[in-house]
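Structure record follows, encoded as structure tokens.
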Amino acid sequence: MFNPRYNEKNHDQTVKKRVTLTFPKRSVQMPVTYRLAKDFNVAANIIRAQVAPNQVGKLVVELSGDIDQLDASIDWMRSQDISVSFASREITIDENICVDCGLCTGVCPTEALTLDPQSFRLSFTRSRCIVCEQCIPTCPVQAISTTF
């Protein structure tokens, strides 16, 4: 049966999803990113990690691969008692508080935060932001936060 929305070319397109993984203490040492690559052909770009032995671990990753493989890998992680939540947060900057010091630009891995060379004012390019949240603790006046 012909389905006009199904296009074989689009079906095999690489899709990206940003997720936060929360590991129970017993699963922290599991090689999850290796298993994703080997078993599901899904690449995991680690954005932020907070993992220590015998503690709950958190990993913010951008998963990329075929949509069906991504879904299968997420189902597998959940079957391993790994909590998977989809990122829906955004970085916000309160321009009334920001003093344009530029400290946040030094920790931004994607250069979403830059200082304008003419005005020396902070510039934020939302489309470049991966919400790694490294800028939040760096801001001395707490002008940067996240929203859901």
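Numbers below:
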| quantity | calculated |
| --- | --- |
| Acute angle (nearest 10 degrees) that the helix 67-79 long axis makes with the longest principal axis of the chain, alpha-carbon atoms | 90 degrees |
| Cα gyration tensor shape for the chain, rounded if a/c is under 1.5, else prolate or oblate | oblate |
| Taking the chain and dividing mean pair separation by its residue count, relative contact order in percent (alpha carbons under 8 Å, at least six apart) | 22 percent |
| Order by protection proxy (mean Cβ within 10 Å, highest first), peptides 46-52, 62-68 | 62-68, 46-52 |
| Relative contact order %, the stretch 80-148, counting alpha carbon pairs below 8 Å whose residues are six or more apart | 42 percent |
| Cut-off under 5 Å, modelled amide H: who pairs with residue 57 long-range | 23 |
| Between the stretch 104-121 and the stretch 127-148, the Cα center-to-center distance that results, in Å | 12 Å |
| 3J(HN,Hα) from dihedral phi, the stretch 102-109, Karplus parametrisation 6.51/-1.76/1.60, rounded to Hz, x for glycine, proline | x, 4, 5, 5, x, 10, 7, x |
| Packing-based order for 123-136, 25-38, using average beta carbon neighbours within 10 Å, highest first | 123-136, 25-38 |
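Quick note: the coordinates plus some simple rules give every number you see, no bench work behind them. Everything numeric here is computed off the predicted structure, so don't read it as measured data. A quick note on method: Cβ atoms are made from the backbone with ideal geometry, for glycine too, and the neighbour counts reach across all protein chains shown.
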